[in-house]
1. Looking at the range 391-410 only, could you name the residues that are within 14 Å of the chain's Cα centre (by Cα) and open to solvent by less than 20 Å² (accessible area, probe 1.4 Å)?
2. Examine the range 316-339 for a residue that is assigned to a loop (DSSP other than H, G, I, E, B), at pLDDT 95 or above, in contact with a strand residue (DSSP E or B) (Cβ under 6 Å, 6 or more places away or on another chain) and open to solvent by less than 50 Å² (accessible area, probe 1.4 Å), and state whether such a residue exists.
3. Does the range 261-279 hold any residues that are open to solvent by 30 Å² or more (accessible area, probe 1.4 Å) and touching a residue at least 60 places away in the same chain (Cβ under 8 Å), and which are they?
4. Among the candidates Leu441, Leu437, Leu449, which residue alone is of a type in the set (A, V, I, L, M, F, W, C), assigned to a helix (DSSP H, G or I), within 24 Å of the chain's Cα centre (by Cα) and within 21 Å of Gly368 (Cα to Cα)?
5. Go through the range 402-434 and give me each residue that's touching a residue at least 60 places away in the same chain (Cβ under 8 Å) and assigned to a strand (DSSP E or B).
6. Pairs needed: first member in the range 116-129, under 15 Å from Leu158 (Cα atoms) and in contact (Cβ under 8 Å) with a residue 40 or more places away in the chain; second member anywhere, open to solvent by 30 Å² or more (accessible area, probe 1.4 Å) and part of a strand (DSSP E or B); C-beta distance under 6 Å; at least 6 residues apart or different chains.
7. Within the range 96-122, restricting attention to residues that are touching a strand residue (DSSP E or B) at 6+ places or on another chain (Cβ under 6 Å) and assigned to a helix (DSSP H, G or I), which residue is surrounded by the fewest Cβ atoms within 10 Å (Cβ to Cβ)?
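The values are calculated or read from the model by the stated rules, or taken from the named source; none is laboratory data. Given the structure is predicted, the values throughout are model-derived calculations rather than measurements. We place every Cβ from the backbone using ideal geometry, glycine too, and count neighbours over all the protein chains shown. We work out accessible area using only protein heavy atoms, side chains counted, and drop any ligands, DNA or RNA first. Shrake-Rupley method; radii C 1.70, N 1.55, O 1.52, S 1.80 Å.
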Amino acid sequence: MNGADSLCDTLLANDVDVCFANPGTSEMHFVAALDRKPKMRCVLGLFEGVVTGAADGYARMADKPAATLLHLGPGLGNGLANLHNAKRARTPMVNIVGDHATYHVQYDAPLTSDVEGVARPMSHWVKRTTKAADLSADAAEAVGVARRSPGNIATLILPADAAWTDLPENTAPVLAKSEALAQTSADAVRAAVAAIRSGEVTTLMLGGSALRERALNAAGRIARATGVRLVSETSNRRIERGGSRTPVDRLPYPIDLAVAKLKDVRHLVLVGAKAPVGFFAYPGKPSLLAPPDCKQVVLGTPEQDLAHALEWLADELGIAQDAPRLAAAPANYEVPQSGKLTGAAVNILVAHHLPEQAIVCDESITQGREFPLYSVNSAPHDWLMLTGGAIGIGLPLATGAAVACPDRKVVTLQADGSGMYTLQALWTQARENLDCLTVILANRSYATLHGEMKNVGVQEPGRNARRMLDLEEPYLDWTHLARGMGVEAVSVDTVEGFARALQEGLKRRGPFLIEAVI
């Protein structure tokens with residue numbers, strides 16, 4: 001038994017039994033230890049951004065952390081964009097990052113780097129283990145930090161000699177400490193009650209675990225009984241929606257639309273959400289989206305039990321537990337039957353055919369913004385979103401979600417430009433035979449950036465700008481790209497063709513990709 005064995009045993013003893021990995025030389029002793037632990041599922045990603053994004057998707061659906069295995073500072077650096085997204089989502093994750101043997105670092109070999117410096121901005125906790133005997137305790141601490149509500153990124157740096165050093169065979173794994181979920185305060189509940197009873201326009205802004213079904217049931221009873229509005233943050237880790245679940249509007253991404261949605265709100269009750277701010281700054285537009293005279297009340301923070309907070313609030317308002325909840329309005333759109341394919345047609349058809357308990361991983365960017373409007377009456381499903389704004393998470397997110405929930409269909413709405421950032425996730429889906437249906441919304445441009453150009457006053461971009469914003473000369477061929485990764489794919493540009501491909505993809509098991517040319 002060596003340090004790497006001790007680390008693996010500790011992860012397994014603490015219910016971390018999936019490792020998304022892209023290892024290198026310094027991690028070979030850990031790989032050998034993983035090979036001796038059949039209870040640990042090891043999933044290879046061909047790029048570190050796939051590894052970290054998949055670990056994010058897994059934890060969002062499994063409600064527990066996965067481990068990642070990354071190769072020194074550069075390997076960790078390749079995964080940072082999706083670690084940023086995971087940190088913003090408050091996803092639990094344990095990163096194991098290999099490093100040179102402790103005595104080798106002084107010689108400044110080519111792969112020597114400041115691993116702590118790379119890790120710290122995208123981690124809530126960073127620690128370097130220097131002794132094999134300390135690995136189990138350090139790993140247990142990492143798991144404990146990761147599991148602390150609402151979830152944290154814990155990064156444990158593993159020098160090669162700590163991994164290979166022998167330990168006594170009877171070395172027992174350390175168990176992580178568990179912490180009780182914090183509760184909101186009576187003062188916070190009273191302040192929320194006063195806001196709702198003020199007679200002025202009040203909105204509950206929900207985020208984090210407030211968007212899960214139990215919390216939504218309470219929020220729906222409050223909204224139905226009092227007339228308060230419900231709105232979610234723009235970017236959310238996971239929303240349980242569809243069927244009879246309480247519907248929640250999402251705060252729009254565009255500044256003008258967000259400001260208009262909140263313009264008459266006088267009391268904003270935050271439930272696991274931050275006060276709304278613009279995604280970016282623009283000349284002449286506000287950074288803070290709520291009106292200046294809007295009073296903000298924090299009912300519960302992301303670290304607290306938000307379902308309990310909303311149920312307490314409902315009790316204080318005198319709303320019975322069996323009181324009717326807010327219901328979604330009937331669908332007011334027609335399902336298209338024929339014609340040229342558009343983004344709206346894709347959204348409507350996916351919403352219409354979405355199977356029960358599907359998991360929707362959404363990185364559709366501009367073309368999918370109407371999907372939540374069309375899918376509010378869809379079969380019950382989970383909706384996972386890009387949370388930190390670093391594009392390239394859709395395909396890895398779906399990969400991890402499918403590992404966590406092998407009995408559920410995973411549907412990815414993926415913009416073509418951002419899909420190229422982590423295309424390698426398709427290979428992992430093929431290798432693991434994951435039940436992932438990917439819809440590529442192929443508008444062949446970074447369409448969101450065309451809109452941003454207009455926001456800075458450029459109505460007609462010139463040649464240099466167009467060549468930085470358009471995906472042409474040549475066009476991306478997603479069918480060949482997918483097949484090269486082992487995933488069957490078709491390309492369609494009509495409503496009829498998309499409807500057929502979608503229904504075929506939903507019926508079959510395993511990865512399948514539809515390039516929807518719009």
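1. Taking the range 391-410 first, the residues within 14 Å of the chain's Cα centre (by Cα) are 391-402, 404, 410.
Passing the criteria: Gly392, Ile393, Gly394, Leu395, Pro396, Leu397, Ala398, Thr399, Gly400, Ala401, Ala402, Val410.
2. no
3. Of everything in the range 261-279, those that are open to solvent by 30 Å² or more (accessible area, probe 1.4 Å) and touching a residue at least 60 places away in the same chain (Cβ under 8 Å) turn out to be Asp264, Arg266, Lys274, Phe279.
4. On the way: Leu441 fails: assigned to a helix (DSSP H, G or I); Leu437 fails: assigned to a helix (DSSP H, G or I).
Criteria check complete, one pass: Leu449.
5. Val411, Leu413
6. What qualifies is Glu116/Val126; Ala119/Val126.
7. First pass over the range 96-122, keeping only residues touching a strand residue (DSSP E or B) at 6+ places or on another chain (Cβ under 6 Å): 96-99, 101-102, 115-116, 119-120.
In the following step, the residues that additionally are assigned to a helix (DSSP H, G or I) were identified as 115-116, 119-120.
Values: Val115: 26, Glu116: 16, Ala119: 26, Arg120: 13.
Going through the qualifying residues, I end up with Arg120.
One line per residue, one yes/no per condition, for (1) out of contact with any helix residue (DSSP H, G or I) (no Cβ under 6 Å at 6 or more places or on another chain); (2) over 17 Å from Thr68 (Cβ atoms); (3) not β-branched (Val, Ile, Thr):
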residue: Thr130; (1), (2), (3): yes, yes, no
residue: Arg147; (1), (2), (3): yes, no, yes
residue: Asn152; (1), (2), (3): no, no, yes
residue: Lys177; (1), (2), (3): no, yes, yes
residue: Ala182; (1), (2), (3): yes, yes, yes
residue: Val193; (1), (2), (3): no, yes, no
residue: Glu200; (1), (2), (3): yes, yes, yes
residue: Ser209; (1), (2), (3): no, yes, yes
